[in-house]
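Each remark here refers to the structure printed beneath this line.
The values are calculated or read from the model by the stated rules, or taken from the named source; none is laboratory data. Remember, it's a predicted structure, so these values are computed and weren't measured experimentally. Glycine also receives a Cβ, built like all others from the backbone with ideal geometry; neighbour counts cover every protein chain displayed. Quick note on the areas: whole protein, heavy atoms, side chains included, nothing else; ligands and nucleic acids left out. Shrake-Rupley method; radii C 1.70, N 1.55, O 1.52, S 1.80 Å.
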Amino acid sequence: MTDPTETTERRFESNPTVCPFCGVGCSIEYAGRGSATGVEGPVNDRGEICPKGAAAFDVVDHDDRLTEPLVRHNGRFVTAPWEEALDRVASGIGDVVDEHGPDAVQFFASSNCTNEENYVLQKLARVLGTNNVDNCARLCHASTVAAMSERFGAGAMTNTLDDLGEADCIFVNGANPAEQHPVAFRSYVLPAVRDGATLVHVDPRANDTTEAADVHLPLRPGTDIQLLNAIAAVLTEEGLVDEAFLAERTTGFDRLREHLADVDVAASAEAAGVDPGVIREAARAYGGADRAAIVTGMGTSQHRCGTDNVHALLNLALLTGNIGRPGTGVNPLRGQNNVQGASDVGGLPSVLPGYEPVTDAAARERVAAEWGVEPPAEPGLTEVEATHRFGDEVRAAVVFGENPAVTEPDATAVASAFDELDFCVVIDLFETRTAAHADVVLPGSAWAEKSGTVTNTDRRVMRMRPNADLPGNARRDFEILAGLGRRLTDRPDAFDYEGPEAAFDELTRVAPIYEGMSYEGIGDGYQRWPFSERDGTGTEVLHADTFATGERTAPLAVVDPVPPVDDLDADELTLTTGRVLQHFNSGALSRRSDRLMAMRGEDALRVHPSDAAERGIEDGDRVTVSNERGSVEVAAEVTPAVREGVAFCTFHYAEPLANALTGGTLDPAAKIPEFKHSAVAVEPAPEGDATAESDGAGAD
Ligand SMILES: Nc1nc2c(c(=O)[nH]1)N[C@H]1C(S)=C(S)[C@@H](COP(=O)(O)OP(=O)(O)OC[C@H]3O[C@@H](n4cnc5c(=O)[nH]c(N)nc54)[C@H](O)[C@@H]3O)O[C@H]1N2
Ligand SMILES: Nc1nc2c(c(=O)[nH]1)N[C@H]1C(S)=C(S)[C@@H](COP(=O)(O)OP(=O)(O)OC[C@H]3O[C@@H](n4cnc5c(=O)[nH]c(N)nc54)[C@H](O)[C@@H]3O)O[C@H]1N2
Ligand code: SF4
Ligand SMILES: [Mo]
């Protein structure tokens, strides 16, 4: 073992790999002098990157990196040798399994980590005897996946990023790709717009995407169903539907048409708080285009009615025949660089690798043939359900590259729930707020220190290659997880991998959508799922002749509006949350980059000038934002970019903690939480009280 006090120079080298931030999947590499640069890759074929990609290296050699395992002794963390830390994990988890059974353990997989790492983590859970494994896709596109899987048979982007460039109309609902998927926006969406495509943007807030839009519908948060039903009503009323497609490829049109006949466009527009004329304009742009593509994001998915929102959106594509052809489709832009892959490889409680249901005996047997152990048949717990049961039926947690104490709703309650566990181990790069509640913290590897594969938003599997050695005594995530598999289960041989490639090969044997892929085949390019060796790089347009359900037709759905969970008092605002270009999710990486912090250093609550004036708030004033769940203090940014009655902030900072205010109500189908609609009171903060709300739980 290396002496922990020894300081050694780290070695860096340039190898094309995938950006650790968003699901676009740009290729980058180390460029010397502590920086990363874009290199020509499958997605960014001219080496384009955004500011986050350029700052990706800032985190790799950061002083805050965990370099030694931490073990709690008498309430405090002390550094410990790996053997001691791993023994503590083995006994901590082992005791819980012995006393309460494997279903008392919850595994958090990581959308920030590779396919191989997540594959091994979910295998560890299942070989141990539980399907309690989930990843933050649950907080993200779970509702999109639920609705699309039910109707089309697959939850992923139906088309490709390149395809967006072919569209005549791009209908962006509840997403802000200009800031959240910048290279996809600049290299695929904007060129289409410059070529004459109409960009429709449905978002309560004007942002960088709106700037390029021809039509903006600034709806009230939580009224997507009213708005989308009104658009569907205009499509049927004005004959903008594709009769031939409806007859050949859909079922249930008569029922939907009857339902839409009762939708009053003016009344729906009023409910959504938008101009009925603009609804008609959007419907005509979408319905009148030869090739119209839908792009959807968190504004659609992260609601207690997220699945119904997506159902209403899918109707538009089916009504107009915009599915199964290039330049069309329904395209959820995925979040992190491997949120698609973390789910593909089985980091979900109800499906095995490749989305085979755990309830399917034949699928379980296929897996058992490879693993030597049959996975359990009962679906496990989702992430938020699990944290709600901490200390109750869930007694231990393995948290890999996630920070639920910041990113789950009602996060203050979630953080305390971690203290109810008998045992918790966190594998991360930093001492996060979640780690603050752990018994053992293991120092993992950052993006630049690992090899493996990730799957981007348009289903492309690409390779990651090391650009740096490890800091201090940190270990590769893959080795940590395989090591835990050998210690925690009675099948150590099942976790005896020579390296990530062996795990990938196993994955291709277990997950039908990855069958036939290989590191060699991927090379410097990609292989796309569903893959077959016959079709080169993989299937680009899904559902062309038949839907992935195996059916020629997909059903249309009757969707009724769902009232928001938080009733608003007359003096309250609707808080909706989201992102900005310069920061990323919990901020673990972006807040550690001086250059990103220099671009945007702190959060602000965006409020409309008339709401601000009513409350005596001026731009830059400190305000208190509160509801029955919590209270945070933040600077106000007074701007007409948010609609009246709405306040917007990000969740990129642990202080102020936006998720202290969001609630744990879940969408019944997908169990995704409501992140985009919380009632809050906003008032000037008491003077001289700037740090009142800090709970001292650490910077992350
Ligand atoms: N810069 C940056 N990029 C990122 C991330 C990041 O943190 N920062 N995170 C990555 C991840 S994990 C994800 S999931 C993606 C998410 O990417 P997006 O889906 O674009 O993310 P959000 O900003 O959460 O939400 C999109 C928009 O929804 C709007 N919105 C709010 N409420 C409603 C509503 O009720 N209806 C509608 N129609 N719109 C509403 C918000 O104003 C916001 O502009 O981004 C990825 N890329
Ligand atoms: N209010 C509100 N809350 C939200 C959302 C919202 O729109 N509004 N969006 C939700 C969405 S879409 C998402 S995806 C979640 C994201 O929620 P999380 O996944 O919890 O957040 P991240 O910041 O992406 O990453 C969590 C941790 O991964 C660690 N990490 C990064 N790379 C590595 C690695 O290579 N190895 C290891 N071991 N660790 C690593 C980071 O240090 C960080 O602590 O947040 C959700 N929460
Ligand atoms: S667009 Fe996404 S993948 Fe590309 S450089 Fe920016 S953050 Fe990274
Ligand atoms: Mo996400």
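Count the lysine pairs in the chain whose Cα atoms sit under 25 Å apart, keeping only pairs 8 or more residues apart in sequence or on different chains.
Taking the Cα cut-off of 25 Å, the pair count is 4.
Taking Cα pairs under 8 Å and at least six residues apart, what relative contact order does the chain come out at, in percent?
20
Can you tell me which of 186-198, 276-288 comes out highest on packing, and rank the rest after it, using the mean Cβ neighbours within 10 Å?
Descending packing order for the listed peptides: 276-288, 186-198.
Spin-label point model (7 Å from Cα, Cβ direction): what's the Glu13 to Ala90 distance in nm?
The answer from the label model is 3.3 nm.
Helix-only estimate, please: 222 nm mean residue ellipticity of the chain, summing -39500 (n - 2.57) across DSSP H runs of length 4 or more and dividing by its residues, to the nearest 500.
-8000 deg cm²/dmol
Under a Cβ-only charge scheme (Lys and Arg +1, Asp and Glu -1), can you give me the dipole magnitude of the stretch 481-576 about the Cα centre, in debye to the nearest 20?
About 520 debye.
From Cα pairs below 8 angstrom and at least 6 apart in sequence, can you work out the relative contact order of the stretch 530-620, rounded to a whole percent?
9
If you bin the C-alpha pair distances of the stretch 51-203 every 5 Å from 0, what whole percents do you get?
Bin by bin from 0 Å, the calculated values are 2, 7, 9, 12, 15, 14, 10, 9, 9, 6, 4, 2, 1, 0.
Run the numbers for Ala570 and Arg255: contour at 0.36 nm per residue of separation, minus the present Cα-Cα distance, in nm.
Full extension from Ala570 to Arg255 adds 109.6 nm.
Pick out, from Val39, Pro561, Ser350, the residue whose Cα sits farthest towards the positive end of the charge dipole of the chain, with +1 on the Cβ of Lys and Arg and -1 on the Cβ of Asp and Glu.
About the Cα centre, the residue reaching furthest to the positive side is Val39.
Note the per residue figure in Å³ for the convex hull of the C-alpha positions in the stretch 573-684.
Spread over its residues, the Cα hull of the stretch 573-684 gives 105 Å³ apiece.
Sorted by mean Cβ packing within 10 Å, highest first, what order do the peptides 259-265, 227-233 take?
Listed from highest to lowest mean packing, they are 227-233, 259-265.
Quickly rank 650-658, 12-20 as a protection proxy: mean count of other C-beta atoms within 10 Å, highest first.
Order by mean packing, descending: 650-658, 12-20.
Put +1 on the Cβ of every Lys and Arg and -1 on every Asp and Glu Cβ in the chain; which of Trp82, Gly324, Gly523 then has its Cα farthest towards the positive end of the dipole?
Among Trp82, Gly324, Gly523, the one farthest towards the positive end of the dipole of the chain is Gly523.
For Pro640, what is the net charge nearby, where nearby means another residue's Cβ is under 13 Å from its Cβ and Lys, Arg count +1, Asp, Glu -1?
-1
For the chain, give the percent of accessible area contributed by carbon and sulfur heavy atoms, probe 1.4 Å, rounded to a whole number.
45
Roughly how big is the chain's charge dipole about its Cα centre, with Cβ charges of +1 (Lys, Arg) and -1 (Asp, Glu), in debye to the nearest 20?
With only Lys, Arg, Asp and Glu charged at Cβ, the dipole is about 1260 debye.
Let me have the relative contact order for the stretch 573-684, percent, based on Cα pairs under 8 Å that are six or more residues apart.
Result for the stretch 573-684 is 38 percent.
Dipole magnitude of the stretch 573-684 about its Cα centre, charges +1 at Lys/Arg Cβ and -1 at Asp/Glu Cβ only, in debye to the nearest 20?
Rounded to the nearest 20 debye, it is 540 debye.
Sort largest first and round to whole Å: the equivalent ellipsoid semi-axes of the chain, each the square root of five times a Cα gyration tensor eigenvalue.
After scaling each eigenvalue by five and taking roots: 38, 31, 24 Å.
Taking R0 as 60 Å, what's the FRET efficiency between Glu374 and Ala266 from their Cβ-Cβ distance, rounded to 0.05?
For Glu374 and Ala266, the calculated efficiency is 0.55.
Return the distance in nm (one decimal) between the two label points of a simple spin-label model at Glu520 and Asp195, each offset 7 Å from Cα along Cα→Cβ.
According to this spin-label approximation, the distance is 3.7 nm.
Tyr30: net charge of surrounding residues, Cβ under 13 Å, Lys/Arg +1, Asp/Glu -1, itself excluded?
So the environment of Tyr30 carries a net charge of -2.
May I ask you to list the trypsin sites (Lys or Arg not before Pro) in the stretch 329-372 that are in a DSSP loop and have at most 13 other Cβ atoms within 10 Å of their Cβ?
When the trypsin sites (Lys or Arg not before Pro) of the stretch 329-372 are filtered for loop state and at most 13 Cβ neighbours within 10 Å, nothing remains.
Taking the simple approach of a point 7 Å from Cα along Cα-to-Cβ for both Glu40 and His73, what is their distance in nm?
Distance between the two pseudo-spin positions: 5.6 nm.
For the stretch 142-332, build the charge dipole from Cβ charges (+1 Lys, Arg; -1 Asp, Glu) around the Cα centre, then report which of Ala175, Val278, Thr251 sits farthest towards its positive end.
Of the listed residues, the answer is Ala175.
By the scheme Lys and Arg +1, Asp and Glu -1, what is the net charge of all other residues having a beta-carbon under 12 Å from that of Leu86?
Taking every Cβ under 12 Å from that of Leu86, the sum is 0.
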